[in-house]
Every structure is written in C-alpha cells, then in structure tokens.
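Worksheet: the structure to be examined is printed underneath.
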Amino acid sequence: MSPGLCGTHHEGTTSPLPLLLMRHAQPLIAGGVCYGATDIEADAGATQLAARQLAPLLAPGAQLWCSPLRRCLQLAQGLRALRPDLAFRQDDRLAEMDFGGWEGWRWSDIPQAELDAWTAQFWQLRFGGRESVAELMCRVGAAWRDARASPLPVAWVTHAGVIRAARLWAQGVTKLQDAGGWPLDAPGLGSHTLL
C-alpha cells in the first residue's frame, strides 16, 4: 500500500461537529482471546444498560453509523429502540481489525516470534495474514473524513481498534513509524469518547 493511498487529513473552513464514538458491550467470549473480526454476540443485559446510558448523549437526528459485527449491531438496535429519531447506517469500515489466522486464539498462546514480527513491522505486516494496521487506518480514515464532512451529527458504534485509529486521525496522525505510536487507551466496553 502506498503512503498516499489513504489521502490526508484536511479540515474544512468550518469547524466540524464532534464525533461520538461508542464501543460495544461485553462480548460473550472468554477473556484474553483474540477476537477482532470474529462475529460474536455481546451480553444482552450489558448492551441494554449501555444503550440506556448512551442514548441521551446522541444529538437529535444524529446519524448512527455501525460496524457490521453483531456485538455492535445489538447496541445500535438498543439505541434506536430508545431513540427512533436516529438515522441508521451499517458501515463495514467500522469493523474491528481482522486478525486472520489468530482469530479465536488466546493472546498468550500466539507464538512470541509472531508477536515480535508484528511489533517489528507494525504498520505493514498482516498479523494473522488478513489485515495490516495500515489497511485498518486507511478504512477508518475514509470513514473519519466522511463523518467530519457531514453537516449532521454523526455517532459510531464500533470497536476499540477502530476508536484508537480514529483517535490518531483526530490528532492528524495518518501513518505510524513503529508500534510505540499506537494508542493503548480506549473507552471501556459499553462506554464512549468524543473526538
């Protein structure tokens, strides 16, 4: 992938509206498992609680963009039940990073040599053979630019990796030199951040 393929971050002449990023609730999977693009459900009770807490944060008539994975669609459904004024759209660009062959493995069982190789080639290596951080950043960047250009408020229902990538875009970072530049913090399950 060429460095310019994703485009660059440009702000318009007017200040864009804040972007609300919401993370799905607790997925129904054991802790410590690599589950990026695995399509698993979230805990129903935790999802409903998150929907009740997040619904008041959404601006009237906001556009709700959602990852296609079930754990996010559940939260979007809960939000729409409470807020029928929301315009809904499923957006594949908001799916979590695809870890390919490592999906479903415990992180502690993935060979250290594989993790070291990913750290050494963090930007370009397709960890698990499916998707690189560069590709994740590219698709999230395209969604970021579309959201920032929208004349209406936009909220995302998405995943920790996507939120971290969006945080980089918000800081004007479009490419990483090494793994040390990747944000470690993300909203908790069922929580949110505003960019």
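Which one of Gly78, Gly61, Gly45 is touching a helix residue (DSSP H, G or I) at 6+ places or on another chain (Cβ under 6 Å) and over 30 Å from Gly129 (Cβ atoms)?
Exactly one of Gly78, Gly61, Gly45 is touching a helix residue (DSSP H, G or I) at 6+ places or on another chain (Cβ under 6 Å) and over 30 Å from Gly129 (Cβ atoms), namely Gly78.
Within segment 66-91, count every residue that is surrounded by 24 or more Cβ atoms within 10 Å (Cβ to Cβ) and in a strand (DSSP E or B).
Matching residues across segment 66-91 total 1.
Of all the residues that make up segment 55-65, how many are outside any helix (DSSP H, G or I) and either within 19 Å of the chain's Cα centre (by Cα) or not small (Gly, Ala, Ser) (or both)?
Looking only at that region, the number is 6.
For Arg126, indicate whether it is over 25 Å from His192 (Cα atoms), of a type outside the set (A, V, I, L, M, F, W, C) and within 18 Å of the chain's Cα centre (by Cα).
Taking the combined requirement at face value, the residue satisfies it.
Of the residues in segment 145-154, how many are in contact with a strand residue (DSSP E or B) (Cβ under 9 Å, 6 or more places away or on another chain), within 16 Å of Asp92 (Cα to Cα) and in a helix (DSSP H, G or I)?
Residues flagged as in contact with a strand residue (DSSP E or B) (Cβ under 9 Å, 6 or more places away or on another chain), within 16 Å of Asp92 (Cα to Cα) and in a helix (DSSP H, G or I) within segment 145-154 amount to 2.
Which residue pairs have Cβ atoms under 6 Å apart, sit 6 or more places apart or on different chains, and have a first residue in segment 99-120 that is touching a residue at least 60 places away in the same chain (Cβ under 8 Å) and a second that is surrounded by 12 or more Cβ atoms within 10 Å (Cβ to Cβ) and assigned to a helix (DSSP H, G or I)?
Cβ pairs passing all conditions: Ile110/Trp102; Thr119/Ala179.
Sort out which residues of segment 138-195 are among the β-branched types (Val, Ile, Thr) and closer than 25 Å to Arg70 by Cβ, and write them in order of number.
Within segment 138-195, Val140, Val154, Val157, Thr158, Val162, Ile163, Thr193 meet the criteria.
Somewhere in segment 21-28, is a residue farther than 18 Å from Gly188 by Cβ, at pLDDT 95 or above and not charged (D, E, K, R)?
Looking through segment 21-28, none of the residues is farther than 18 Å from Gly188 by Cβ, at pLDDT 95 or above and not charged (D, E, K, R).
Yes or no, residue by residue, for (1) in a helix (DSSP H, G or I); (2) surrounded by fewer than 20 Cβ atoms within 10 Å (Cβ to Cβ):
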site: Ala113; (1), (2): yes, yes
site: Leu125; (1), (2): no, yes
site: Glu135; (1), (2): yes, yes
site: Ala143; (1), (2): yes, no
site: Trp156; (1), (2): no, no
site: Ala165; (1), (2): yes, no
site: Lys175; (1), (2): no, yes
site: Leu184; (1), (2): no, yes
site: Gly190; (1), (2): no, no
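With the requirement that a residue be touching a strand residue (DSSP E or B) at 6+ places or on another chain (Cβ under 7 Å) and buried (at least 19 other Cβ atoms within 10 Å of the Cβ), what does segment 92-111 give you?
Leu94
The values are calculated or read from the model by the stated rules, or taken from the named source; none is laboratory data. All figures in this text were calculated on a predicted structure; none of them were measured in a lab. No Cβ is skipped: glycine too gets one built from the backbone with ideal geometry, and neighbour counts run over all protein chains shown.
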